[in-house]
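The values are calculated or read from the model by the stated rules, or taken from the named source; none is laboratory data. Values in this document were obtained by computation on a predicted structure and should not be read as measured data. Cβ coordinates were reconstructed from backbone atoms using ideal geometry, including for glycine residues, and neighbour counts include every protein chain displayed.
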Amino acid sequence: MTVNGAHQFKSLELINGTILTQGTNCLWLDISGDLTVDATSKIDVTGKGYGGSSGPGRGGNGAFYGAGAGYGGAGGNSSSQAVGGGVYGSLTGPVDLGSGGGSGNYVGGNGGGAVWLTVGGTLTVNGALTANGVDGQGGPSGGGGGASGGSLYLTVGALAEAGRSQPMVGLGGTATLVGAAADALPFITANPTTPARSRWWVAPAISVEERERFCSSGMPTRPRG
């Protein structure tokens, strides 16, 4: 199921393998009650950011291998001397799309998308919440660089101690959790072996102006890599 821009709900429950993703600009849900994602479902904007070799943190192009993209952290250089993408955006107020990996003999991956969730009640994620970047294409003669993860901005009243949220596995993605649920961070993990505190930031609520910009028509749409 694809959602374009901002939508409001009294409550929302994703069940039976539902995958909720963004369209061109972002996924912004304003829910006055509870949001529940069951174990078979997910909110997934993987690869919905900038295309290969695109975006403010795009990876450099190389003769054989492209470099990795950056966002919250710098992308890695390639063995073909292509330079990894730089840092941009905000760690504590992330609203940007992930950038694309650089091209070599193959194109780089697409960056992760952008998710904004405002949940007045309880957020329960038994499935997954992801904004990953995509690996570049590759073969025996070279490959494209990996993309950076996108952004997750969560403002919640409470966070249930169930499930696992996987913010960003791609290089450099950022995630922020605002509200009473910030104290519950230790049980959220970015992957099975990485503590959540290494990837989540706790920050004040973002401004209305930034929120409007987040899903505005002026936000870059995803170039095709």
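A few notes on this one:
- Filter result (over 18 Å from residue 48 (Cβ atoms) and not polar (S, T, N, Q)) within the stretch 146-159: 156, 157, 158, 159
- Residue selected from the stretch 54-85 under the condition among the aromatic types (Phe, Trp, Tyr) and crowded, with 24+ Cβ neighbours inside 10 Å, by the criterion nearest to residue 133 (Cα to Cα): 71
- Selection of the stretch 7-53 for residues being on the phi < 0 side of the Ramachandran plot, buried (at least 24 other Cβ atoms within 10 Å of the Cβ) and not in a strand (DSSP E or B) yields 45, 46, 48, 49, 50, 52.
- Taken as a whole, the condition of being modelled with pLDDT under 95, surrounded by 20 or more Cβ atoms within 10 Å (Cβ to Cβ) and over 14 Å from residue 151 (Cα atoms) does not apply to residue 98.
- Residue in the stretch 123-132 that is within 26 Å of residue 40 (Cβ to Cβ), among the aliphatic types (A, V, I, L, M) and out of contact with any Leu (no Cβ under 9 Å at 6 or more places or on another chain) present: yes
So that you can scan it fast, the table gives a plain yes or no per residue for (1) β-branched (Val, Ile, Thr); (2) more than 15 Å from residue 136 (Cα to Cα):
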{"residue": "7", "(1), (2)": "no, yes"}
{"residue": "14", "(1), (2)": "no, yes"}
{"residue": "21", "(1), (2)": "yes, yes"}
{"residue": "38", "(1), (2)": "no, yes"}
{"residue": "68", "(1), (2)": "no, no"}
{"residue": "77", "(1), (2)": "no, no"}
{"residue": "84", "(1), (2)": "no, no"}
{"residue": "87", "(1), (2)": "yes, yes"}
{"residue": "90", "(1), (2)": "no, yes"}
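- Close pairs from the stretch 136-159: first touching a residue at least 24 places away in the same chain (Cβ under 8 Å) and buried (at least 24 other Cβ atoms within 10 Å of the Cβ), partner among the polar types (S, T, N, Q) and part of a strand (DSSP E or B), Cβ under 6 Å, at least 6 apart: 151/174; 153/176
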